[in-house]
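The values are calculated or read from the model by the stated rules, or taken from the named source; none is laboratory data. All of these numbers come straight from a predicted model, not from anything done at the bench. Cβ placement follows ideal geometry from the backbone for every residue including glycine, while neighbour counts extend to all protein chains displayed.
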Amino acid sequence: MALLHGWRVCPRCATRLENDGTRAECTACGSVYYANSAPCVCALVEDADGRLLLGRRGVEPDHGKWDVPGGFLEEGEHPLDGLLRELREETGLEGETDRFLGTWMDVYGDAPEAVATLNLYWTVRVADPQPVAADDVAELRWFAPDELPGREELAFSTVAEALDAWVRTREEHVSD
């Protein structure tokens with residue numbers, strides 16, 4: 001991946017780094033830097049009718065494809081706080097987390113700048129289903145479970161996997 005791509009000097013003391021791509025070590029001050037996956041939070045937003053909210057990406061990567069509200073955590077931010085912050089930033093909605101759906105690994109961007117991501121998905125309930133596209137979202141639309149876009153229309157492979165899991169858990173819930 002690219003987290004340490006291009007790192008040549010230590011950000012602390014400006015000495016040349018020994019960098020194998022997964023770990024960079026400064027021989028002068030001893031600082032060590034690792035290529036860790038970046039944590040991301042993702043909201044599968046449901047309304048009272050059981051529809052799911054998807055947003056059309058207004059930026060690269062995957063510009064124009066459907067995605068769920070979410071994004072990278074800020075430093076020190078709790079995942080649930082980040083989830084609700086991203087929901088507000090991208091849709092203007094206030095929500096309440098319902099259940100944790102799962103964790104998926106993915107890649108954000110293209111080489112050589114690609115970053116490995118650790119994606120945490122929750123279902124979120126909203127009382128007022130009147131979203132407004134903002135931030136890096138060009139359009140928002142509610143989809144019934146049987147109307148979800150196909151895989152080729154979705155940004156990121158994990159979105160398709162999470163939507164499949166969401167549909168399965170809904171079907172299990174209905175059959176109980």
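For the reader, a short list of remarks on this structure follows.
- Extreme residue, farthest from THR103 (Cα to Cα), among residues of the range 33-49 that are surrounded by fewer than 12 Cβ atoms within 10 Å (Cβ to Cβ) and not acidic (Asp, Glu): ALA48
- Count of the range 165-176 residues which are modelled with pLDDT of 90 or more and either exposed (fewer than 12 other Cβ atoms within 10 Å of the Cβ) or not assigned by TED's automatic domain parsing to the domain that holds TRP122 (or both): 1
- Failed criterion for LEU3 (all others in (1) touching a residue at least 40 places away in the same chain (Cβ under 8 Å); (2) touching a Leu at 6+ places or on another chain (Cβ under 7 Å); (3) part of a loop (DSSP other than H, G, I, E, B) hold): (2)
- Cβ separations smaller than 7 Å between residues 6+ apart or across chains give the following pairs from the range 96-113 residues that are in the same structural domain as ALA165 (by TED's automatic domain parsing) and of a type in the set (Gly, Ala, Ser) to residues that are modelled with pLDDT under 95 and assigned to a strand (DSSP E or B): GLY109/VAL115.
- Sole exception among (1) surrounded by 15 or more Cβ atoms within 10 Å (Cβ to Cβ); (2) in contact with a strand residue (DSSP E or B) (Cβ under 6 Å, 6 or more places away or on another chain); (3) modelled with pLDDT of 95 or more for ARG125, by number: (1)
- Conditions (1) in contact with a helix residue (DSSP H, G or I) (Cβ under 9 Å, 6 or more places away or on another chain); (2) over 24 Å from VAL167 (Cβ atoms); (3) among the polar types (S, T, N, Q); number of the one not met by GLN130: (1)
- When PRO145 is tested against the conditions (1) more than 12 Å from ASP67 (Cβ to Cβ); (2) within 19 Å of the chain's Cα centre (by Cα), the lone failure is (2).
- Reported count of residues in the range 128-159, each being more than 15 Å from VAL45 (Cβ to Cβ), crowded, with 19+ Cβ neighbours inside 10 Å and not hydrophobic (A, V, I, L, M, F, W, C), is 1.
- Residues that are without any contact (Cβ under 8 Å) to a residue 12 or more places away in the chain and surrounded by 12 or more Cβ atoms within 10 Å (Cβ to Cβ), drawn from the range 19-31: GLU25
- Within the range 16-116, strands (runs of 3 or more DSSP E) holding 2 or more residues that are within 17 Å of the chain's Cα centre (by Cα) and either at pLDDT below 95 or among the hydroxyl-bearing types (Ser, Thr, Tyr) (or both): 96-108
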